[in-house]
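Here's the structure, in structure tokens; my notes come after.
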Amino acid sequence: MSEFWLISAPGDKENLQALERMNTVTSKSNLSYNTKFMIPDFKVGTLDSLVGLSDELGKLDAFAESLIRRMAQSVVEVMEDAKGMAQENLLANGVDLTSFVTHFEWDMAKYPAKQPLVSVVDTVAKQLAQIETDLKSRMVSYNTLKTNLENLERKSMGNLFTRTLSDIVSKEDFVLDSEYLITLLVIVPKQSYTQWQKTYESLSDMVVPRSTKLIAEDNEGGLFTVTLFRKVIDDFKTKAKENKFTVREYYYDEKEIKREREEMSRLLSDKKQQYGPLLRWLKVNFSEAFIAWIHIKALRVFVESVLRYGLPVNFQAVLLQPKKSSTKRLREVLNSVFRHLDQVAAASILDASVEIPGLQLSNQDYFPYVYCHIDLGLLD
């Protein structure tokens, strides 16, 4: 599973025994894989500052998770045809996310534990804010380029009625620079090819004999050229429509064709040039954002543990990786082992008949211990 539970309990003798009991039960019942989660001793500060930090860390946690999910999705979008390999690019410090979380060590160089907690949280927040700003800028630039390229490519798709003809026609298909003659393009249904060949010369006066040529086909019909005098264009269009032949409005412009081809070539080149640097940036900064996120989890557990268990700071954090389909039973075991941390609330959970005015608890949302959830299913 890509889910982890980060919990903590007081570090006194009774609770260390409870942690041992939890490890024994969960191991024997194959409910979870448990490891110690080391959190440094921070400068606690005042109770008021801890309460404020608790609220701020909750918001920062949600922001960080949202950011790394967006970055993971951006990796998928950029990799396009190779998106099945996106997960291989979502690493933290060069290792897979599960390994990083289960072997977590606080980065003292990046987030000095000797600084006040407020300063540590501020450092993480500024780092994530900068990554988000850069992500928005880079993805807007890349997606604009990608959209412009897709729009050009879309023009070369579709049927003969809607697609661009620049990559189909050539200069030799047209009578150009003539004062009197003009070449039109006509879409003829496949079942009407024979009718077209027999009738096109007589659809109007002044149609040049034997001037038609099939230059392109799709599933529905073909694109034919026909040359006639300019002054009968309107009459020819009317007669063609009556016979279910469609004159496609198109006038050969060599400069425009060259411009379209150069634009396509430029966009393809720009996209190729941006792809490598953007993917590398996403991989590096996904790693940075993910590492920051797990540090936020550690900070939350520290702050919540001090607020719940009091001073002096003395608690033990444990990382649990629930086994598949065992979360309900694991929750029951944890609530049973640690019910002594909050006897009244625990009793209300274990005995559904007990009602405490103003207190609404359930097995699904109450924890007598400090609890923090980590979901690594970032591409789900």
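Selection of region 207-229 for residues being assigned to a loop (DSSP other than H, G, I, E, B) and open to solvent by 40 Å² or more (accessible area, probe 1.4 Å) yields VAL208, PRO209, ARG210, ASN219, GLU220.
Close contacts from region 55-71, counting a first residue that is in contact (Cβ under 8 Å) with a residue 24 or more places away in the chain and a second that is basic (Lys, Arg) and open to solvent by 60 Å² or more (accessible area, probe 1.4 Å), with Cβ to Cβ under 8 Å and a gap of 6+ residues or different chains, come to LEU57/ARG300; GLY58/ARG300; ASP61/ARG300. Residues in region 269-297 that are under 19 Å from MET139 (Cβ atoms) and exposed (fewer than 14 other Cβ atoms within 10 Å of the Cβ): LYS272, GLN273, GLY276, PRO277, ARG280, VAL284. With respect to the stated conditions, MET22 fails to be open to solvent by 60 Å² or more (accessible area, probe 1.4 Å), modelled with pLDDT of 90 or more and not aromatic (Phe, Trp, Tyr).
For GLY45, the conditions (1) on the phi < 0 side of the Ramachandran plot; (2) not in a helix (DSSP H, G or I) are fulfilled apart from (1). Contact map, region 2-13: first residue at positive phi and without any contact (Cβ under 8 Å) to a residue 60 or more places away in the chain, second residue assigned to a strand (DSSP E or B) and surrounded by 21 or more Cβ atoms within 10 Å (Cβ to Cβ), Cβ cut-off under 6 Å, separation 6 or more or different chains; the map is empty. Taken together, the residues in region 142-167 that are over 12 Å from GLU260 (Cβ atoms) and either assigned to a loop (DSSP other than H, G, I, E, B) or open to solvent by less than 50 Å² (accessible area, probe 1.4 Å) (or both) amount to 11. The numbered conditions (1) free of Cβ contacts under 8 Å to residues at least 40 places away in the same chain; (2) part of a helix (DSSP H, G or I); (3) small (Gly, Ala, Ser) are all true for SER204 except (2).
The values are calculated or read from the model by the stated rules, or taken from the named source; none is laboratory data. These numbers come from a predicted model, not from an experiment. So basically every Cβ, Gly included, is an ideal-geometry build from the backbone, and we count neighbours across all protein chains shown. Side chains are part of the model used for accessible areas, which takes the heavy atoms of the whole protein and leaves out ligands, DNA and RNA. Shrake-Rupley method; radii C 1.70, N 1.55, O 1.52, S 1.80 Å.
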